[in-house]
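> Quick one: the structure is below, questions incoming.
Nothing in this text is a laboratory measurement; each read-out follows from the coordinates by a stated rule. Just so it is clear, the model here is predicted, and its values are computed rather than measured. With ideal geometry, Cβ positions are generated from the backbone for all residues, glycine too; neighbour counts draw on all protein chains shown.
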Amino acid sequence: MLYSLFWKIPALILFLLLFGKSPEGKAALLEGAVFRPARDFPALALCFPVLLLSGYLVSFLAAFSGFPPFPVPFPAGALAWAVVVLASLSTGYLEEAYFRIFLPAQCAFLGRFAGFWFPILLFGLCHAYEGLWGFINAFLAGFFLSLAYRKTLSLHGIALAHGFYNISVYLMAALDSLWK
């Protein structure tokens, strides 16, 4: 919980403040930050199931590959679950604001193709500590979330889908520990 309170949330605030200083950044953040149910709920309803399906497909393939997936700890107790929820939601917002709004705007000089793919590749590489399958899962998720953001301009929808996906990973670890 301390990690979320003293790193993720301040990092998100600092990022939003710094990015919001440029006219382009301010316009992009304002467009994405305004909660619009007509675009945010459909984006969430579309992205969350796709993230679940791709994540579970990658986990299934990892089980047969010889390269096991990254182990996820089992949260025990109400405080641990509160930390999981806070960390997952703050991670969703931090990563989606950075990788779907800020970084593509900064990479515009690379051209449409590279400006689209570089943030996705970097998102995957930032999850490489989870191993090959973590990289593949993040790369696929980054691709889909980038497409969803471009289509809907919904930061809330994709950030909540990302956060709920992260929570579901811990939920599956908890259920797995009960089955053993």
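> Apply the Karplus curve 6.51 cos²θ - 1.76 cosθ + 1.60, θ = phi - 60°, to the phi angles in segment 141-148 and return the couplings in whole Hz, x for Gly and Pro.
Once θ is set to phi - 60°, the couplings for segment 141-148 become 4, x, 4, 5, 5, 5, 4, 5 Hz.
> Another question, if that's okay. Given 135, 114, 175, which one lies farthest toward the positive end of the charge dipole of segment 86-180, if we put +1 on the Cβ of every Lys and Arg and -1 on the Cβ of every Asp and Glu?
The residue sitting most towards the positive pole is 114.
> Same structure again: Please order 58, 34, 72 by the number of other Cβ within 10 Å, starting at the fewest. Please list the in-between numbers first.
Details: 58 22, 34 13, 72 16.
Ascending Cβ contact count within 10 Å gives the list 34, 72, 58.
> Residue 146: net charge of surrounding residues, Cβ under 14 Å, Lys/Arg +1, Asp/Glu -1, itself excluded?
Overall, the nearby charge balance is +2.
> Which FRET efficiency value, to the nearest 0.05, is calculated for residue 79 and residue 57 with the Förster distance at 41 angstrom and r the Cβ-Cβ distance?
The calculated FRET efficiency here is 0.80.
> Tally Lys and Arg at +1 and Asp and Glu at -1 over the other residues with C-beta under 14 Å from the C-beta of residue 164: what net charge comes out?
Values: positive: none; negative: 40, 95, 96.
Neighbour charge sum, excluding residue 164 itself: -3.
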